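The values are calculated or read from the model by the stated rules, or taken from the named source; none is laboratory data. In this text, all values refer to a predicted model and were calculated from it rather than measured experimentally. Glycine gets a Cβ as well: all are built from the backbone with ideal geometry, and neighbour counts include every protein chain shown. These area figures cover heavy atoms from the full protein model, side chains too; ligands, DNA and RNA do not enter into them. Shrake-Rupley method; radii C 1.70, N 1.55, O 1.52, S 1.80 Å.
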Amino acid sequence: MNEKIRILIVDDEANMRKILSLALKKHGYEVQTAESGSRALELMKGFVPQMIISDIKMDNMTGIEFIRKLRTNFSSVPVCFMTAYGSISNAVEAMKLGAVDYIGKPFEIATLVEIIEASIEPAVTHDNKKIIGCSKHIKQAMKKAEKIAKTDATVMIKGETGVGKDLFARYIHQSSPRSKKPFIKVDCTSIPSELFESELFGHKKGSFTGAIEDRIGKFESAHQGTIFLDEIGTLNFNMQKKFLSIIQDRVLVRIGETTERRVDIRVITATNEDLEKLVREGKFRKDLYFRLNNIVLQVLPLRTRPEDIMELADQFLLDLDRIYGSKKQLSGPAAALLKDYDYPGNIRELKNIIEQAYILSDGTTINDKDLVFSDLSADMSTEEGQMNLKEVEIQLMKKALKIAGNNYSKAAKILGINRNQLIYKLEKYGLK
Ligand SMILES: Nc1ncnc2c1ncn2[C@@H]1O[C@H](COP(=O)(O)OP(=O)(O)OP(=O)(O)O)[C@@H](O)[C@H]1O
Ligand SMILES: [Mg+2]
């Protein structure tokens, strides 16, 4: 059947290599490991990974040196760095050299898997990722997505965190005539602002410090395919202007050049913010908003379509059965609890609750006591007055992290602050 996706782990800590390797194999990847950058380069003469997960601090050759060497041979393999917080500046350096992402240690495997899935060509990973749901809403949304897919129209996908915006963006691409061409996702919140323009538009060698070679940007990489701009609401005003010309006329100019380059792309954006409000407040350009808002696909929160809950839960259980090689079922009371909950973190939260319960439960039945819910809204309204602000913040951050599967960007989104603010607060309260 499908060939396994090949991952290379580079880390000088034997334990880390072992744990990561086991966990990723359980998720169905083919994994090889190397204890140093030079060993990795050696290994790659016979093994061509589709993604590299590398430590950044290593004795012999740092991650930075490694990616520099790597880029001279295998220019396009996506690399994700693992970094301890505090060495974010290294990560920024790494992004300049073309790392696709970085992940702060310690992290959840689920977060790493999300990064892998987002970085690798969807034609390889997402064949089997189906949109689940029997609700009228999901069926209509899929029909609408299929109609949109036939055109080249710019689409905006709206919905709360974890509702499946990403999934729908990929579905549109895969159902479109562009399906064999690249699908490039850009998370507008995750690219440091000083790198944003070069990441998207590309640059000419020498156009700024760190531009050590010509670089094509994401818009050009998406030529003939689809570009998916996630969290478009976080784009700063300066960038919004630059986006207008590419969205309007499909032309761009790389940093340090004057030639206009034409690209053939379909643009999909996603947001969980109230863009109309941002427009009214003068924070989002009206002209850009109207270009992007051409067609809107709204994905409703899970609590408005409870009939999807059990179908999703059953599918997630089957996926876990496959990963862990066992077979587990929900007890009646557990199923009743799942149906009753309101899921502020939507499908991602449901998935996390089930995965946790699956691991925690003994035997073949998942009972109600195995399910751990973290309702943000319930928490806000209780015990006011008894808690001080710091405690409330700590509680909320912990819960948001839980809902978001420890993904900092997503937890920050749930809390309505940006990623750096969250990291700052976690550090301040010693929670990292
Ligand atoms: N209808 C669905 N069927 C199956 N899986 C789903 C469905 N909707 C969402 N999921 C799963 O839930 C998780 C979250 O979905 P996704 O990443 O698409 O949400 P999102 O709206 O992009 O969230 P965010 O705003 O945080 O980026 C993913 O693992 C996705 O595969
Ligand atoms: Mg998303």
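What is the number of the single condition among (1) over 24 Å from the mean Cα position of the chain (by Cα); (2) surrounded by 15 or more Cβ atoms within 10 Å (Cβ to Cβ) that LYS286 does not meet?
LYS286 satisfies every listed condition except (2).
If I filter the stretch 313-325 for residues that are in a helix (DSSP H, G or I), modelled with pLDDT of 95 or more and within 16 Å of ligand 2 (Cβ to nearest atom), do I get at least one hit?
no
How many residues, within the stretch 179-205, are part of a strand (DSSP E or B) and in contact with a His (Cβ under 8 Å, 6 or more places away or on another chain)?
So the count comes out to 1.
Output the residue which, of all residues in the stretch 216-251 that are more than 16 Å from ILE191 (Cα to Cα) and without any contact (Cβ under 8 Å) to a residue 12 or more places away in the chain, is least open to solvent (accessible area, probe 1.4 Å).
Step by step, filter the stretch 216-251, then rank; the result is SER245.
Considering only residues that are within 16 Å of ligand 2 (Cβ to nearest atom) and not β-branched (Val, Ile, Thr), look in the stretch 257-285 and name the one that is farthest from ARG170 (Cα to Cα).
Across the stretch 257-285, the extreme among qualifying residues is LEU275.
(1) open to solvent by less than 20 Å² (accessible area, probe 1.4 Å); (2) within 13 Å of ligand 1 (Cβ to nearest atom): which one isn't true of PHE183, the others all being true?
(2)
Give the residue, chosen from LYS150, LYS158, that is more than 25 Å from ILE103 (Cα to Cα) and within 13 Å of ligand 2 (Cβ to nearest atom).
LYS158
Name the residues in the stretch 346-358 that are more than 10 Å from ligand 1 (Cβ to nearest atom), in contact (Cβ under 8 Å) with a residue 24 or more places away in the chain and open to solvent by 30 Å² or more (accessible area, probe 1.4 Å), would you?
Of everything in the stretch 346-358, just one residue is more than 10 Å from ligand 1 (Cβ to nearest atom), in contact (Cβ under 8 Å) with a residue 24 or more places away in the chain and open to solvent by 30 Å² or more (accessible area, probe 1.4 Å), namely GLU355.
Given the structure, is MET310 more than 16 Å from ligand 2 (Cβ to nearest atom), part of a helix (DSSP H, G or I), open to solvent by 10 Å² or more (accessible area, probe 1.4 Å) and at pLDDT 95 or above?
It is true that MET310 is more than 16 Å from ligand 2 (Cβ to nearest atom), part of a helix (DSSP H, G or I), open to solvent by 10 Å² or more (accessible area, probe 1.4 Å) and at pLDDT 95 or above.
One line per residue, one yes/no per condition, for (1) farther than 23 Å from GLU231 by Cβ; (2) at pLDDT below 75; (3) touching a Leu at 6+ places or on another chain (Cβ under 6 Å); (4) open to solvent by 50 Å² or more (accessible area, probe 1.4 Å):
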site	(1), (2), (3), (4)
SER381	yes, yes, no, yes
GLY385	yes, yes, no, yes
MET397	no, no, no, no
LEU401	no, no, no, no
ALA404	no, no, no, no
ALA412	no, no, yes, no
ASN420	no, yes, no, yes
LEU431	yes, no, no, yes
